[in-house]
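Colleague: Just dropping this structure here.
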Amino acid sequence: MELSTFLEILKESGITLVVDVRSRPESIRFPHFHQADLEPSLRAAQIRYLHLGEELGGRPDDPKAYRSDGVVDYRARRKSYGFRAGLERVLKELETHNLALMCAEEDPLQCHRFLMICPELVAAEVDPVHIRKGGTIETQHAAEDRLLEANDLGSHAGLSLFAADRTAALETAYAAQAEKAAFRVSPVEIERWQS
């Protein structure tokens, strides 16, 4: 995506703060999304920039965030002090800003932003929306319905009289999707971190 298109979408969406949740705020495919280039471009567009990749990123440096097979454990990560501090910062910023969480993936189902951060925002009674390609808006509920469908739990999609059933199905679907999409390192790397 061109930077001008990105800035236009942010402006049209009323975004006043971009919270970058990439662990490494850079892009090989789109160098204009490197933090050093992006931050001044946002500032020129009168949009603030905040990097919370250490707290909310999908590639944490903490070896406790990884299972023994090298896959990031989103449930464990959500319980960490750093993640909780990052989430609190986002909630505080929401009091005065219309903000966008920015990561590298366009499709929420492939991104830790949706799989790790959004469940906690929903629990805090925030209703995220996802700005998709071309500026299309996808609601959290619609993304969750796609998640349920993608994980063979489509009977719980849509409106339901049984919210507890949908909640349990979503937890299963989030875990299954994270298994497919979460960042992973070699188990040897995990062992090296722990020694």
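Colleague: Which one of Val71, Ala175, Ile47 has its Cα pushed farthest toward the positive end of the charge dipole of the range 29-183, where Lys and Arg give +1 and Asp and Glu give -1 at the Cβ?
Modeller: After comparing all options, I get Ile47.
Colleague: At q = 0.08, 0.11, 0.12, 0.14 Å⁻¹, what is the base-10 log of I(q)/I(0) for the chain according to the Debye formula with one equal point scatterer per Cα and no solvent? Please give it to two decimals.
Modeller: The Debye formula, applied to the Cα set alone, gives -0.27, -0.52, -0.62, -0.85.
Colleague: Which Rg and Dmax, in Å, describe the Cα atoms of the range 1-72?
Modeller: Final numbers for Rg and Dmax: 14.4, 44 Å.
Colleague: Which trypsin sites (Lys or Arg not before Pro) does the range 1-64 hold that lie in a coil by DSSP with at most 14 other beta carbons within 10 Å?
Modeller: Answer in residue order: Arg29.
Colleague: Under the rule that an exposed site lies in a DSSP loop and has at most 11 other Cβ atoms within 10 Å, name the longest stretch of the chain with no GluC sites (Glu not before Pro) of that kind, not counting the sites themselves.
Modeller: It runs 3-94.
Colleague: Once the other residues with Cβ under 15 Å from the Cβ of Ile47 are scored (Lys, Arg +1; Asp, Glu -1), what is the net sum?
Modeller: Neighbour charge sum, excluding Ile47 itself: -3.
Colleague: Order these by the 10 Å Cβ neighbour count, fewest first: Thr172, Thr139.
Modeller: In order of increasing Cβ crowding within 10 Å: Thr139, Thr172.
Colleague: Going down the table (Lys11/Lys180; Lys133/Lys180; Lys79/Lys180), which pairs top 27 Å between alpha carbons?
Modeller: Violating the 27 Å Cα-Cα cut-off are Lys11/Lys180.
Colleague: So what's Rg/Rh here for the range 94-194, counting alpha carbon atoms and using the Kirkwood radius for Rh?
Modeller: The Rg/Rh ratio comes out at 1.02.
Colleague: Sticking with this one: Would you please give the FRET efficiency between Thr136 and Ser41, computed as 1/(1 + (r/R0)^6) with r the Cβ-Cβ distance and R0 = 22 Å, to the nearest 0.05?
Modeller: So the FRET efficiency works out to roughly 0.45.
No value in this document is a laboratory result; all are computed from the given coordinates. All values reported here derive from a predicted model rather than from experimental measurement. Positions of Cβ are backbone-derived with ideal geometry, glycine not excepted, and every protein chain shown enters the neighbour counts.
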